[in-house]
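Report on the structure given below.
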Amino acid sequence: MDWLTENKIPVGRVAKDVFEWLRDNGRVIFEGIEDGLDAMIDTVLAVLQYPNPLVVIALFVALTWALQRSWKPCLLVLVGFLFILNQGYWEETLESLTLVLFACIFCMALGVPIGIAAAHRPNLYKGMRPVLDLMQTLPTFVYLIPMIVFFGIGMVPGLVATVIFVLPAPIRLTHLGVSSTPTPLLEASRAFGATPRQTLWKVELPYALPQIMTGLNQTIMLSLSMVVIAGLVGADGLGVPVVRALNQVNPALGFESGFIIVVVAIMLDRMLRVERKS
């Protein structure tokens, strides 16, 4: 078996050469992406940090009421944010929310159209499935390596790695929602003379909305699961105290910051949950 191990396929070396070639030849592009994303992140973060925290909390509670029309999730969001404020993680929470916000924007902007296209073209989805499986099963730490090569350290490599890792979720769930639209509904829309565009906007997307919102929910949860990993490459947010606790072997700090991440995840889940009406 020595001949097999001695003739190793140079997968790692080829990947290294590709990343370095892209870095050297696309430096202007990567620097432009980094500068643009940094500017957007800093702007949103400044907007969130400028008002009094109670004003920001009131806005989140109002948004929750507008989405859910129920006092229970509003109370949960209020108590959750007050708990975060009490624990002294307000700034880190806003930084993580900013990262999650941009991850959701990019993932949903890409994932929903791709999922719709895949639902209407089964062969396209068959070709995409191995790529989506690879994106979801590749260890998340592996994504950070090329991101550091391209962007250095900071919020941008953490954001890009998060988008790559999370993107399959909205694609798969949008595909599931659109492709599972009942045939009688589609036939009825065609019988009334609806065009394919009208069928998409007035039949398929409304029916698939709970699945699409589930994709958004999964995008948020997966993005929050990446904040700790993104903290390893210098991304600000709730991942920083977790990494610090790991380095210091500090269980109190680790549990405290980890519990804050759980609180944020629960709040966002209750804010954006959509149930299909019978």
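Backbone N atoms of segment 92-118 closer than 18 Å to the 7 Å Cα→Cβ label point of residue 38 belong to residues 99. Using a probe of 1.4 angstrom and keeping all protein chains present, the accessible surface of segment 137-278 works out to 48 square angstrom per residue.
Between 85, 162, 194, the Cα set farthest toward the positive side of the dipole of the chain (charges on each charged residue's Cβ, about the Cα centre) is that of 194.
In a simple Cβ point-charge model (Lys, Arg +1; Asp, Glu -1; nothing else charged), the chain has a dipole of about 1260 debye relative to its Cα centre.
Accessible area per residue for segment 38-128, computed on protein heavy atoms with a 1.4 Å probe, is 54 Å².
Surface composition of segment 166-278: carbon plus sulfur atoms hold 64% of the accessible area, using a 1.4 angstrom probe and ignoring ligands, DNA and RNA. The dipole here belongs to segment 18-154: it is taken about the Cα centre, uses +1 on the Cβ of Lys and Arg and -1 on the Cβ of Asp and Glu, and is about 840 debye. Stretching residue 269 away from residue 91 to a fully extended chain increases their span by 62.0 nm, per 0.36 nm per residue minus the current alpha-carbon distance. How many angstrom lie between the C-alpha centres of segment 139-181 and segment 243-266? Centre-to-centre (Cα) distance: 23 Å.
Number of Lys-Lys pairs in the chain with C-alpha atoms under 27 Å apart and a separation of 8 or more places or on different chains: 4.
With all protein chains present, how much of the accessible area of segment 34-125 (probe radius 1.4 Å) comes from carbon and sulfur, to the nearest whole percent?
Values: 3380 of 4890 Å².
Roughly 69 percent of what the probe reaches on segment 34-125 is carbon or sulfur.
If R0 is 41 Å, the Cβ-Cβ spacing of residue 250 and residue 188 corresponds to a FRET efficiency of close to 0.10. Using 0.36 nm per residue and subtracting the Cα-Cα separation, the extra length available between residue 22 and residue 47 on full extension is 5.6 nm. Quick check for you: which residues of segment 157-185 have the amide N under 17 Å from the point 7 Å beyond the Cα of residue 129 toward its beta carbon? Of the residues in segment 157-185, 168-169, 171-180 have backbone N under 17 Å from the label point off residue 129. Mean residue ellipticity at 222 nm, helices only, the chain: -27000 deg cm²/dmol; runs of at least 4 DSSP H residues each add -39,500 (n - 2.57), and the sum is divided by the number of residues.
Would you mind checking segment 229-273 for residues with the amide N under 13 Å from a putative spin-label position 7 Å along Cα→C-beta of residue 70? Correct set: 269-273.
Using a cutoff of 8 angstrom between alpha carbon atoms and counting only pairs six or more residues apart, the relative contact order for the chain works out to 23 percent.
The values are calculated or read from the model by the stated rules, or taken from the named source; none is laboratory data. In this text, all values refer to a predicted model and were calculated from it rather than measured experimentally. We place every Cβ from the backbone using ideal geometry, glycine too, and count neighbours over all the protein chains shown. Each accessible area value is taken on the protein alone, full model and side chains, heavy atoms only, with ligands, DNA and RNA left out. Shrake-Rupley method; radii C 1.70, N 1.55, O 1.52, S 1.80 Å.
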